[in-house]
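The values are calculated or read from the model by the stated rules, or taken from the named source; none is laboratory data. Just so it is clear, the model here is predicted, and its values are computed rather than measured. Neighbour counts are summed over all protein chains in view; Cβ atoms, including those assigned to glycine, are modelled from backbone coordinates with ideal geometry.
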Amino acid sequence: MKILGWLAIALLLAPFGYAVWISFSPDTFLTPPTGSWSLRWYVEFGENRRWSAALVRSLTTALGASLVAVSFGTPLAYAVARHRFRGRRIVASIAIAPALVPPAVLGMGLLPFLFVVDLWGSPIGLILAHGLLGLPVVLLIVRSSLDGQSPDIELAARGLGASPWQVARRVTLPLIRPAILAGALAAFVGSLNEGLVSLFLATPSTETLPAVVWPQLRHAASPLVAVASTISAFAAALACWGVAAFGHAARKPGPKHRGEGN
Amino acid sequence: MSRRPYLLAAPATLLVVGLLLGPAILLVRISLCAAPQGRGFFTPGTWTLENYRTITDADGLQRVAETFAFGLGVAALTLAIAYPLALFIWSLSPTGRRLALGLVLLPKFANGLVLLFGLQQLLGPVGPISQAIATFGEPPLLTRNWFGALIGETYLIVPYAVLLLVEQLSRLDANLVLAARGLGASRWQAFRRIVWPHSTPGLWLAGELAAIWGIGAFLGPMILGGPANATLAVDLHRQAFDYGRWPRAAAEAILLIGTAILALIVAAGLRRWRAA
């Protein structure tokens, strides 16, 4: 039973491992390196302006999308978790909608929409689209973190004379910071690997990695495809590590906080 | 009543409504336009129901039925894989649980396109699986058909379903199972009477999400299916990008939303029927 479970997990990892393995191939074809391993395609990736530009664009889009998702999603999560107001449930369901709309429909709809609002060919279009997709995730994570914390702490701060803004900055935000970081991370990784809306919205001047990978997969695939995936997965892992390290550092009381008690 | 919650909720709500409603209105309008004449993607200013007629002819309705069935297939296969896996992960120690969940979610750090490409290579005619079967006899074709498409799309959804189900299971007080066992219930009885009823809300939710995502499937059918295995999403991409027929693609997008909503209505009906 135990072996079977771990075996199933290993099976789920196989396609991922296979793609990483292929990326070290010395051949022109997408075959795993059997004899010698080579970094040839990584060098090629770095030297090919189209691929490296797409990687940079993917990373900046993901960063922008995660900022959009967090800055719009966090206040919403706070409103839904801490206030009872008319339309609360509707507002919460509307924000989940982007996760339920089929991405092909979203892409097909955003395509003419971005034309009309004159954002076609601008990176802002894709950043907004990916921010939209990240919003439900941020809402879920931050809301459940707020639900898990007693509102009494905030009330106490208010009672002791703090303004609502001070409470938000000094009490609520530090408490939910791990959740906000987790939400930002999820939105970042989601955007980095989102391959369908990106496909619909790509123009030659704004193409992200999936848009470059796509024709390759359909026609002549080279190990560059595998390299692209390995590098973007590595970037995602790096972001995770960064967030974890940052969260860890933030938890230690800094010298600034120490003297404040008196 | 304070204005504060409205001020906090307004930016996100406006963003979502604007970015969903605006495109939705345009999709409806374009779906009622005539096909492009020469250059352009549609003929502006025209009104016609022609696109809806085209996508609901015999071939079109078959595509809708196939898309719907594909979504149900994805949901069933997702639950069949994710639920046992979630039970296994739930039974582990806290450390093991975190490790196993992390490994299940690890593929989600890679691009879906490339994951499915890896899967295609593994399942393909020259891949290791077919090669292994070939030592015993003629291997069945595992890709370029509905089977491949189903495996591919399910593969993308399973990690989320596992996450959701483990989350649901971890809210169950493990002492209840121990108590039942102590009171003489067999392992099966403890599962059937305690774990299973507790899991059903999670199973419904995971199943519904998998069905909706399966109905909107694009990457699975596109990369692991054959040319004949076109779901609505695959066909609308083809219409828009290969043929430049935006009106037809827009009409198909609306049909796709309708199909997804139909699946949710069916699921809600099933839930009520099970509860009664």
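In table form, for the structure just shown:
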{"item": "Any hit, region B:158-179, residues being in a loop (DSSP other than H, G, I, E, B), touching a residue at least 40 places away in the same chain (Cβ under 8 Å), more than 13 Å from chain A (Cβ to nearest Cβ) and under 24 Å from the mean Cα position of the chain (by Cα)", "result": "no"}
{"item": "Verdict on A:A53 being among the aliphatic types (A, V, I, L, M), facing another protein chain (nearest Cβ under 8 Å) and either surrounded by fewer than 19 Cβ atoms within 10 Å (Cβ to Cβ) or within 29 Å of A:A187 (Cα to Cα) (or both)", "result": "no"}
{"item": "Residues being over 30 Å from A:D118 (Cα atoms) and buried (at least 17 other Cβ atoms within 10 Å of the Cβ) - total across region A:200-239", "result": "15"}
{"item": "Selection from region A:41-59 of residues that are within 18 Å of A:A221 (Cα to Cα), of a type in the set (G, A, S) and touching a residue at least 12 places away in the same chain (Cβ under 8 Å)", "result": "A:A54"}
{"item": "Condition check for A:V105: of a type in the set (A, V, I, L, M, F, W, C), touching a residue at least 60 places away in the same chain (Cβ under 8 Å) and under 20 Å from A:I127 (Cβ atoms)", "result": "no"}
{"item": "Of residues in region A:3-50 being assigned to a helix (DSSP H, G or I) and β-branched (V, I, T), the one nearest to the other protein chains (Cβ to nearest Cβ)", "result": "A:I9"}
{"item": "Condition met for B:L142 (in a loop (DSSP other than H, G, I, E, B), touching a residue at least 12 places away in the same chain (Cβ under 8 Å) and buried (at least 20 other Cβ atoms within 10 Å of the Cβ))", "result": "yes"}
{"item": "Condition check for B:L115: surrounded by 15 or more Cβ atoms within 10 Å (Cβ to Cβ), touching a Pro at 6+ places or on another chain (Cβ under 7 Å), at the interface with another protein chain (Cβ under 10 Å from one of its Cβ atoms) and within 21 Å of B:F218 (Cα to Cα)", "result": "yes"}
{"item": "Failed criterion for B:G269 (all others in (1) of a type in the set (G, A, S); (2) surrounded by 15 or more Cβ atoms within 10 Å (Cβ to Cβ); (3) assigned to a helix (DSSP H, G or I) hold)", "result": "(2)"}
{"item": "Considering residues of region A:183-195 that are farther than 16 Å from A:A228 by Cβ and buried (at least 24 other Cβ atoms within 10 Å of the Cβ) only, the residue nearest to the other protein chains (Cβ to nearest Cβ)", "result": "A:F188"}
{"item": "Flag for A:S58 being hydroxyl-bearing (S, T, Y), crowded, with 17+ Cβ neighbours inside 10 Å, part of a helix (DSSP H, G or I) and within 12 Å of chain B (Cβ to nearest Cβ)", "result": "yes"}
{"item": "Meets criteria (over 26 Å from A:P174 (Cβ atoms) and either among the β-branched types (V, I, T) or modelled with pLDDT under 80 (or both)) for A:S222", "result": "yes"}
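Residues checked against (1) facing chain B (nearest Cβ under 8 Å); (2) modelled with pLDDT of 95 or more; (3) not in a helix (DSSP H, G or I):
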| residue | (1), (2), (3) |
| --- | --- |
| A:S66 | no, yes, no |
| A:G73 | yes, yes, no |
| A:M108 | yes, yes, no |
| A:L114 | no, no, no |
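Quick grid of which residues meet (1) more than 20 Å from B:L156 (Cβ to Cβ); (2) modelled with pLDDT of 85 or more; (3) aromatic (F, W, Y):
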residue: A:I176; (1), (2), (3): yes, yes, no
residue: A:L181; (1), (2), (3): yes, yes, no
residue: A:T203; (1), (2), (3): yes, yes, no
residue: A:V213; (1), (2), (3): no, yes, no
residue: A:S229; (1), (2), (3): no, no, no
residue: A:V243; (1), (2), (3): yes, yes, no
residue: A:H248; (1), (2), (3): yes, no, no
residue: A:P255; (1), (2), (3): yes, no, no
residue: A:R258; (1), (2), (3): yes, no, no
